[in-house]
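J.: This structure is in structure tokens; I'll ask about it shortly.
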Amino acid sequence: MILVLTVVGAAIMGTRRGFPGPGASDLAWHIGAAVLIVIAQVFADRRQGVAAFSGCAIVFAVAGMLLWTQWWN
């Protein structure tokens with residue numbers, strides 16, 4: 001959620017100050033990833049065993065994919 005707020009803030013500041021900021025695709029990637037991560041985290045919090053591990057793995061995989069493709073590219 002912090003990454004989403006950071007990107008949204010940068011987009012708003014960029015628009016108001018007239019400098020290029022993150023575009024619509026960057027916002028969409030971050031919002032989509034945040035929604036998926038929250039859903040997976042809630043799933044993992046309410047389960048035990050392999051199901052909880054799977055939810056945690058999804059959280060780490062999606063966060064890693066987002067960082068790799070949107071921040072370190």
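The values are calculated or read from the model by the stated rules, or taken from the named source; none is laboratory data. Treat the numbers as computed from the prediction; the structure is a model and nothing was measured. Cβ coordinates were reconstructed from backbone atoms using ideal geometry, including for glycine residues, and neighbour counts include every protein chain displayed. Ligands, DNA and RNA are stripped out before the accessible areas are found, and what is left, the full protein with its side chains, is counted by its heavy atoms. Shrake-Rupley method; radii C 1.70, N 1.55, O 1.52, S 1.80 Å.
J.: Would you check if there is a residue in the stretch 23-30 being acidic (Asp, Glu), open to solvent by 80 Å² or more (accessible area, probe 1.4 Å), in a helix (DSSP H, G or I) and out of contact with any Phe, Trp or Tyr (no Cβ under 8 Å at 6 or more places or on another chain)? Working first, answer last.
T.: Kept after step one, since they are acidic (Asp, Glu), are these residues of the stretch 23-30: 26.
If we keep only those that are open to solvent by 80 Å² or more (accessible area, probe 1.4 Å) too, we end up with none.
No, the conditions are met nowhere in the stretch 23-30.
J.: Restricting attention to the stretch 1-22, which residues are part of a loop (DSSP other than H, G, I, E, B), of a type outside the set (A, V, I, L, M) and either within 27 Å of Val42 (Cβ to Cβ) or open to solvent by less than 80 Å² (accessible area, probe 1.4 Å) (or both)? Walk me through it before giving the result.
T.: To start, the set of residues in the stretch 1-22 that are part of a loop (DSSP other than H, G, I, E, B) comprises 1, 18-22.
Restricting the remaining residues to those that are of a type outside the set (A, V, I, L, M) gives 18-22.
Listed by number, the residues that qualify are Gly18, Gly21, Pro22.
J.: Starting from the stretch 1-26, take each residue that is under 18 Å from Ile37 (Cβ atoms) and list its partners that are part of a loop (DSSP other than H, G, I, E, B) and open to solvent by less than 80 Å² (accessible area, probe 1.4 Å), counting only C-beta distances under 8 angstrom and pairs at least six apart or across chains.
T.: Close Cβ pairs satisfying both conditions: Val7/Pro22.
J.: Let me confirm something: among Ala52, Ala34, Ala44, Ala57, which residue is touching a Cys at 6+ places or on another chain (Cβ under 8 Å) and in a helix (DSSP H, G or I)?
T.: Ala44
J.: Residue by residue through the stretch 36-53, note down the ones that are more than 16 Å from Val4 (Cβ to Cβ) and either basic (Lys, Arg) or open to solvent by 50 Å² or more (accessible area, probe 1.4 Å) (or both). Let's see the steps before the verdict.
T.: As a first pass, look at the stretch 36-53 and keep what is more than 16 Å from Val4 (Cβ to Cβ): 42-53.
Answer for the stretch 36-53, where residues must be more than 16 Å from Val4 (Cβ to Cβ) and either basic (Lys, Arg) or open to solvent by 50 Å² or more (accessible area, probe 1.4 Å) (or both): Val42, Phe43, Asp45, Arg46, Arg47, Gln48, Gly49, Val50, Phe53.
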